[in-house]
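Okay, structure first, notes after.
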Amino acid sequence: MPSKPHTSLSRVIEALGDVLLEPIAVGRAARRHLGGVVIHDPYDDAEFPERAVVLGVGVRDPEEIVKLLHELGERGASALVVRSPVAASAGPARAAASSGVALLGLANRASWTQLAAMLRTLLAEGDVGDVSPQALGGIPTGDLFALANAIAALLDAPITIEDRDSRVLAFSGRQDETDPPRVETILGRQVPERYTRGLEKSGFFDRLYSETGPVYFHPDDDEGENRPRVVVAVRAGDEVLGSIWAVVDHALSEERAAALTDASKIVALHLLRLRAGADVERRLRADLVSTALEGGRQAPEAVARLGLLGQPAVVLALGLLDPAGDDPWLATERQRVADAFAMHLSAVQPRSAVALIGDVAYGIVPVPRNHGDHQERSVRVATAFLERIGHRVSAVIGVGPPALEGAGLYDSRSGADRALRVLLADGGSNRVLTAEDAHVDALMLELADLSAARGDVATGPIARLLAYDREHQSQFVHTLRCWLDAFGDANAAAAAAYVHPSTFRYRLRRLAEVGGIDLDDPRDRFAAMVQLHLLLHGMRPGEA
C-alpha cells in the first residue's frame, strides 16, 4: 500500500497565501512536511505531533517570538504562525533560520479558528480507513484547493468553491487581484450576509440553480470597486451541492464557459466523495470510540486503533440542555456541535477522539503522563470550548475521572455520564462539572430512579405535611425545605421564604406539630431531607 501523502509547508503557503498567510521567514523549511496543527499554550507542555504547525495565539512581542521559535525547534515543529504585522526586528528572522522553524504571519482580520480549520482541510487525509491517494479528474480526491487552482488556470481567473450556504470550501491563488468583497469573503470564509441577502432578493440564486451553465453578472456597486463574476452551480443529479465563483472582467468565451461547466462536474464528484468519506469515517470512528468506552474484550483493540494504547486519558461527555425531542433539526444540531467539539479537542490534543453516540458527544482526551492536574486541565479544555461556542447552543460537559490506561476508559465514561446527568437535571446553572464534584447529586438521582422504579411514595411526616398543604393551601413543606437548606438558621430561611422571621418560626412550630416531626432529631431531619429531594425528582407525593 502506498504511504500516506504529506502536505508540505510550501503547499500551505501556496494555498493560503496572498490573503491569509504572510511568509515572514521560511527558507529551507518550505520543503518540510507537516504533521498537525497545535494551538500554543504557555502553561501546557503536552506533547504534540512532529513537524506541527503551531498557532501562536497572543504571541506578539519579538523577544517572545524568538524564545518560542527556539523552543519549537527543539520539539521538532515545522512552523510558527503569529498575528501580523510582526514588529520590525531582525531577531525573529534570525531565530527562524537558526531553529529551522518557519515564521508566518496571519492576516489582521482573519480568525485563528478559520486558519485552524483550513489547515486541517489541507493536512487531513483521514485518520481511519484507506489513506491511499485516489484521483478524480486528475486531482487527488478531496483536494479542493488543488482543484480550485486547476480551474483558475483554465479560466485565467481567481476561483472560490462554495457550498449551498455560501461558505468557502476552497479558493485558488491570485486572490489579491480580485476586489474587497472577495477578500472579505475569504478572510471570513463566508460570503458576507449583506451580499447574499442582496443576491437572494434579486432572484440571482433562483436563476443560478435553474441554469445548467455559467451565469454572468456584475454586482451593484456605486464606487466601481466590485468586479464582475461568473458563477456555475455544482450539481449531483437534481441536488445542488454548491457553486464555483470566478472573478472576471467580462463574460467567458464559449470554450471557457464549457470548461467551467465540465469543471463543476468534477467538483461535484469530489464533494460527493468527501461527503461519503466523512460519513464512513465518522461511523467508523464512532464505533471505535463506543467500543473503547464500553470496555470488554474488544476494547483494547479499539483503543490501539485510536492511537491511545497505554496513554492516560480523560473522558468528556457533552449534551444539549432541554432539547425538543420532536425537533427535526435536533440530530443535525447535535452532529454540528460534536464536529465543533472534535475540532476543538484536536487543536488542544491532536490524538483526541470524539464521536456522537446516541444523544451524547464523547471525547477521549489524552493527558500528559507526568502531570497530576488531569481534571483541572480537562475542565479548562471543556470550559474553553463552551465559551467559544457561546450561549446560543445550550450545551454542558461532564468530566470523568482520569483513566491511567485504555482499560480505565469505561470508568471514566461512567463518571462523565453521571456528571452530565447532574448538569442536565440542574437545568444549566453550571456548564462543566467533574464526576468528583457531582458524586452526591449523582447518588441522589440514582436513588430517585430506584424509588421511582419501585413506585415509592412519600411517607411519615412529609406525607402528612403534603396532605395538610393540599387541604389548607398552606406552605409547610416549602417552609421545612427552606429551614433544612439553611441548616436551621431561621433568619436565613425566613429570607428565602420571603416571610418575617417571627412568622417563619410560628410556621416551623406548627409544621412540627402537624407532621409529627422532631426537628431536634438528626435522623428525622435527614429522613426529611432525603424525601424532599426525591420529591423533586419524581417520587409520588402519596398519602399519610
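The values are calculated or read from the model by the stated rules, or taken from the named source; none is laboratory data. What you are looking at is a predicted structure, and each value in this text was computed from that prediction instead of being measured. Here the Cβ positions follow ideal geometry from the backbone for every residue, glycine too, while neighbour counts run over all protein chains shown.
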Looking at region 338-354, which of its residues are farther than 15 Å from Ala384 by Cβ and without any contact (Cβ under 8 Å) to a residue 60 or more places away in the chain?
-> Ala338, Asp339, Arg351
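Conditions (1) more than 30 Å from Arg509 (Cα to Cα); (2) outside any strand (DSSP E or B), marked per residue:
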| position | (1), (2) |
| --- | --- |
| Arg418 | yes, yes |
| Leu433 | yes, no |
| Leu443 | yes, yes |
| Ala453 | yes, yes |
| Leu466 | no, yes |
| Asp469 | no, yes |
| Val477 | no, yes |
Please name all residue pairs, on different chains or six or more residues apart, with Cβ atoms under 8 Å, provided the first residue is in region 417-430 and is surrounded by fewer than 22 Cβ atoms within 10 Å (Cβ to Cβ) and the second residue is polar (S, T, N, Q) and part of a loop (DSSP other than H, G, I, E, B).
-> Gly428/Ser394
Mind checking which residues of region 337-359 are over 8 Å from the mean Cα position of the chain (by Cα) and surrounded by fewer than 19 Cβ atoms within 10 Å (Cβ to Cβ)?
-> Ile357, Gly358, Asp359
Across region 1-36, what is the number of residues that are surrounded by 21 or more Cβ atoms within 10 Å (Cβ to Cβ), part of a helix (DSSP H, G or I) and modelled with pLDDT under 75?
-> 2
Every residue from region 446-487 that is of a type in the set (Phe, Trp, Tyr) and at negative phi | Tyr468, Phe476, Trp483
Looking across region 174-201 at residues that are modelled with pLDDT of 85 or more and of a type in the set (D, E, K, R), the single one that is farthest from Trp245 (Cα to Cα) is Lys201
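This table checks each residue for (1) surrounded by fewer than 19 Cβ atoms within 10 Å (Cβ to Cβ); (2) assigned to a helix (DSSP H, G or I); (3) at pLDDT below 85.
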residue: Ser378; (1), (2), (3): no, yes, no
residue: Val381; (1), (2), (3): no, yes, no
residue: Ala384; (1), (2), (3): yes, yes, no
residue: His391; (1), (2), (3): yes, no, yes
residue: Ser412; (1), (2), (3): no, yes, no
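From Phe145, Phe171, grab the single residue that is among the aromatic types (Phe, Trp, Tyr) and at pLDDT 85 or above.
Values: Phe145 fails: at pLDDT 85 or above.
Answer to the selection: Phe171.
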Answer yes or no: is there a residue in region 426-447 that is closer than 19 Å to Arg525 by Cα, out of contact with any strand residue (DSSP E or B) (no Cβ under 7 Å at 6 or more places or on another chain), acidic (Asp, Glu) and at pLDDT below 85.
-> yes
Among Arg334, Arg297, Arg282, Arg273, the single one that is modelled with pLDDT of 75 or more and surrounded by 14 or more Cβ atoms within 10 Å (Cβ to Cβ) is Arg334
Hits in region 187-212 (condition: exposed (fewer than 15 other Cβ atoms within 10 Å of the Cβ) and touching a residue at least 12 places away in the same chain (Cβ under 8 Å)) | Gly198, Tyr209, Glu211, Thr212
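Okay, residues lined up against (1) in contact (Cβ under 8 Å) with a residue 60 or more places away in the chain; (2) in contact with a strand residue (DSSP E or B) (Cβ under 9 Å, 6 or more places away or on another chain); (3) outside the structural domain of Arg388 (by TED's automatic domain parsing):
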residue: Ile39; (1), (2), (3): yes, yes, yes
residue: Tyr43; (1), (2), (3): no, no, yes
residue: Pro49; (1), (2), (3): yes, yes, yes
residue: Val54; (1), (2), (3): no, yes, yes
residue: Lys67; (1), (2), (3): no, no, yes
residue: Ala77; (1), (2), (3): no, yes, yes
residue: Ser84; (1), (2), (3): yes, yes, yes
residue: Ala116; (1), (2), (3): yes, yes, yes
Mind listing whichever residues of region 479-505 are surrounded by fewer than 16 Cβ atoms within 10 Å (Cβ to Cβ), of a type in the set (Ser, Thr, Tyr) and either in contact with a helix residue (DSSP H, G or I) (Cβ under 7 Å, 6 or more places away or on another chain) or part of a helix (DSSP H, G or I) (or both)?
-> Ser502, Thr503
